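Take a look at the structure set out below.
The values are calculated or read from the model by the stated rules, or taken from the named source; none is laboratory data. Everything numeric here is computed off the predicted structure, so don't read it as measured data. When we count neighbours, we look across all protein chains shown, and the Cβ atoms used for this are built from the backbone with ideal geometry, even at glycine. Note: areas computed on protein heavy atoms with side chains; ligands, DNA, RNA excluded. Shrake-Rupley method; radii C 1.70, N 1.55, O 1.52, S 1.80 Å.
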Amino acid sequence: MRRKSSAGRLAEVADGVFAYVQPDGGWCLNNAALVVSRGHSALVDTAATEARARALRTAALGVCPEPPRVLVNTHFHGDHTFGNFVFPEALIIGHERARGEMAAAGLHLTGLWPEVEWGELTLSLPEVTYRDRLTLHVGDVEAELIHLGPAHTTDDTVVWLPGRRVLVTGDLVMSGVTPFCPMGSVTGTLDAVARLRALDARTVVTGHGPVAGPEVFDVTEGYLRWVQELAREGLAAGLTPLEAARAAGPGPYAHLIDSERLVPNLHRAYVEERGAAPGVPLDIGELFREMVEFHGGLPTCRA
């Protein structure tokens, strides 16, 4: 078992709004956000391991002595949800698809990286779900929960704080990290990002990587349009997604970590080029296997 510091970095990014960032943002090192107002708080996402979730709880209580009364999950993936159980006082909210997806996935993620010290995890599902939009009031701070359709997954939630001009994107947008949408949609992510731009956020707390400004949308859009172009060229040349990825390499996006995600992203782009609807299920296990083959081994998870 690897033993290391489990603490992230908590920083105030706007009045009463805090980003909890876990460097370097690679596999299972996600971000969370905390909104504090008038002695109340709401948390957006938790962490992958018990130790990391407990470190997040300690950081949150250092800002607001009362535990969060509300916990929003941006999507079902375990790095954002496994730590839910560490916040038993909180009402958990997610998109209506997130509850079922979370239950179906269970603790499967832990089996991908058995060397990680996951801790004694207990799955805690959303207790309140919504379909398109839901508004929370945290003290005097208004938080809008918005579902934009299939993107990173089919159950993404972004949290928009219009009074603070802060946007919490979950993994729909990442900062310095390769986008990942085999469980959602390339075209859907591009559509969603266009709608996020229109919000005119000043600060963007992404699902992984450093806090950013709206310029982070440029990288996401550029990368996904590059993936679409590779898919069109690969299909025309009769290449499989794995072959197309090997031919292309990281291209102009070598600076983004976890570049091996190109393979599953290309699988999603291929089926969409062939006319599949956004979010249609793919064999994620097979896509992960091809990604490992492309990478030359299992990607490193530093959780």
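Number of residues in the range 198-209 that are surrounded by fewer than 18 Cβ atoms within 10 Å (Cβ to Cβ) and within 17 Å of the chain's Cα centre (by Cα) equals 0.
Go over the candidates Arg165, Arg197 one by one and state the one that is among the charged types (D, E, K, R), in contact with a helix residue (DSSP H, G or I) (Cβ under 7 Å, 6 or more places away or on another chain) and touching a residue at least 12 places away in the same chain (Cβ under 8 Å). Going through Arg165, Arg197 in turn, the sole match is Arg197. Number of residues in the range 152-188 that are more than 21 Å from Gly285 (Cβ to Cβ), open to solvent by less than 10 Å² (accessible area, probe 1.4 Å), small (Gly, Ala, Ser) and part of a loop (DSSP other than H, G, I, E, B): the value is 0. Note on the range 75-96: residues that are part of a helix (DSSP H, G or I) and surrounded by 20 or more Cβ atoms within 10 Å (Cβ to Cβ) total 8.
Within the range 210-252, track down each residue that is within 30 Å of Leu161 (Cα to Cα) and either open to solvent by 40 Å² or more (accessible area, probe 1.4 Å) or among the hydroxyl-bearing types (Ser, Thr, Tyr) (or both).
Within the range 210-252, Pro210, Val211, Pro214, Glu215, Asp218, Val219, Thr220, Tyr223, Arg225 meet the criteria.
Scanning the range 125-146 for residues that are open to solvent by less than 30 Å² (accessible area, probe 1.4 Å) and in contact (Cβ under 8 Å) with a residue 40 or more places away in the chain yields a total of 6. Scoring Arg268 on the criteria (1) in contact with a Cys (Cβ under 8 Å, 6 or more places away or on another chain); (2) surrounded by fewer than 21 Cβ atoms within 10 Å (Cβ to Cβ) leaves a single failure, condition (2). Checking each residue in the range 137-151 for being of a type outside the set (Val, Ile, Thr) and part of a strand (DSSP E or B) picks out His137, Glu142, Ala143, Glu144, Leu145.
Go through the range 184-197 and give me each residue that's within 14 Å of Thr154 (Cβ to Cβ) and out of contact with any Lys or Arg (no Cβ under 8 Å at 6 or more places or on another chain).
The first filter runs over the range 184-197 and keeps only residues within 14 Å of Thr154 (Cβ to Cβ), leaving 184-189, 191-192.
Answer for the range 184-197, where residues must be within 14 Å of Thr154 (Cβ to Cβ) and out of contact with any Lys or Arg (no Cβ under 8 Å at 6 or more places or on another chain): Thr187, Gly188, Thr189, Asp191, Ala192.
Pairs are defined by a Cβ separation below 9 Å, a sequence spacing of at least 6 or placement on different chains, a first member in the range 241-255 that is in contact (Cβ under 8 Å) with a residue 60 or more places away in the chain, and a second member that is of a type in the set (A, V, I, L, M) and open to solvent by less than 40 Å² (accessible area, probe 1.4 Å); the pairs so defined are Tyr253/Leu262.
In the range 55-83, the residues that are in contact (Cβ under 8 Å) with a residue 24 or more places away in the chain reach residues that are of a type in the set (Ser, Thr, Tyr) and surrounded by fewer than 24 Cβ atoms within 10 Å (Cβ to Cβ) with C-beta atoms within less than 8 angstrom, at least six apart or across chains, in these pairs: Ala55/Ser6; Gly78/Thr110; Thr81/Ser124; Phe82/Thr49; Gly83/Thr49.
Of everything in the range 32-53, what is of a type outside the set (Gly, Ala, Ser) and farther than 18 Å from Pro67 by Cα? Give them in sequence order. Show your work before the answer.
Step one: list which residues in the range 32-53 are of a type outside the set (Gly, Ala, Ser), which gives 34-36, 38, 40, 43-46, 49-50, 52.
The one that is of a type outside the set (Gly, Ala, Ser) and farther than 18 Å from Pro67 by Cα: Thr49.
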